[in-house]
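The next block holds one structure in the form of structure tokens; read it before the comments.
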Amino acid sequence: MVKVVRSIVGSSGSSEDPGMCHPGPGSRRDQLGPDLEVGALVQQGGSRVLKERPRFRGLRTRVTIEELLDAGIIDASTARRLEEGEDSVEEVSGSVSTYLEGSRCVAGVLVTEGHRKVSIYQAVLEGTLRPGAGLLLLEAQAATGCLVDPVRDLRLTVHQAVRRGLVGRELMDKLLSAERAVTGYTDPHSGSLISLFEAMRRGLIVYTHALRLLAAQAATGGIIDPQHSHRLSVEAAFRRGLFDQGVRDSLFHPSSDTKGFFDPNTQQNLTYLQLTRTCVCDPQTHLLLLHLRVTETRTANNPLLD
């Protein structure tokens, strides 16, 4: 008799929207558990048991133990304990969550007047945030994993965000381009999946813009490898060839190329990491909110299209 060991958490029968982003740190959504893949048949008490191997939920796809080991995210001892069932995915998840989920991005805006929490898109429409600054923050969200609804505490793909009205349809093309920093760009000649850096090198995305998106990734947990759906440290990403020495130097030594994120309170351009440090933490969701103490007065009907 063959017995199949299955997990309730993360089973293929889940009703979860397959496009829904992985909940990040602080999310009130239930943390998604491991998926399992079929491994070898093993003997147990006279019966053959189909041993299933644990996998972790990555940014878009499942991540295997071997991939985490190869990336240096876990060591050989941890990999062995996971394979042999001595450690569970849940027990290990805490130590690798930064590389699977990332850390917190700039999720929304806290408006001093009325102490209101609003999405970045809504802040632009209300005239409390400059259109260019708002668009770059939304692109940074998309490039670091998901668009964030700070009011309902949701993390969404670009298509989901448009359907739910979190962002306008007029931004879809720009945000889908930024989201490809997570899912990978398609080489127009070969049709193969390429990284953000390769897309930049081949002229599919402007250098300074790509550099700012990479800096946002580095500031929120690490550079995303779209081939494997997880993050890497800057050094590990460099060794894997996800960017060259010039980009590496720019990430470690901020310049005007990476200081493209506007701080409306000081009227200065900052790196993404610097901007996150000016944010306040929402005590309910633990999301980072840009605290607008000085508001703009723009009243255009469609400011993001100016």
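Odds and ends about this structure:
- Two-decimal Rg to Rh for region 106-305 - Kirkwood Rh, Cα set: 0.96
- Per-selection Rg to Rh, region 132-188 - Cα, Kirkwood hydrodynamic radius: 0.96
- At R0 = 25 Å, FRET efficiency that the Cβ-Cβ distance of Met172 and Leu193 yields, to 0.05: 0.75
- Kirkwood hydrodynamic radius of region 49-142, from inverse mean 1/r over distinct Cα pairs, in Å: 16.3
- Taken as Cα centroids, region 164-214 and region 106-144 sit 21 Å apart, rounded to the nearest whole angstrom.
- Computed over the Cα atoms of region 162-254, pair by distinct pair, the Kirkwood hydrodynamic radius stands at 13.8 angstrom.
- Rg to Rh, two decimals, where region 238-283 supplies the alpha carbon set and Rh follows Kirkwood: 1.11
- Whether region 204-288 is rounded, prolate or oblate, judged on the alpha carbon gyration tensor where a/c under 1.5 counts as rounded: oblate
- Share of pairwise Cα separations in region 65-212, more than 25 Å, in percent: 45
- If the segment from Asp70 to Glu113 were pulled out straight at 0.36 nm per residue, it would be longer than the present Cα-Cα gap by 10.5 nm.
Every number in this text was worked out from the coordinates using simple rules, so none of it is lab data. Since this is a predicted model, take the numbers as computed values, not measurements. Glycine gets a Cβ as well: all are built from the backbone with ideal geometry, and neighbour counts include every protein chain shown.
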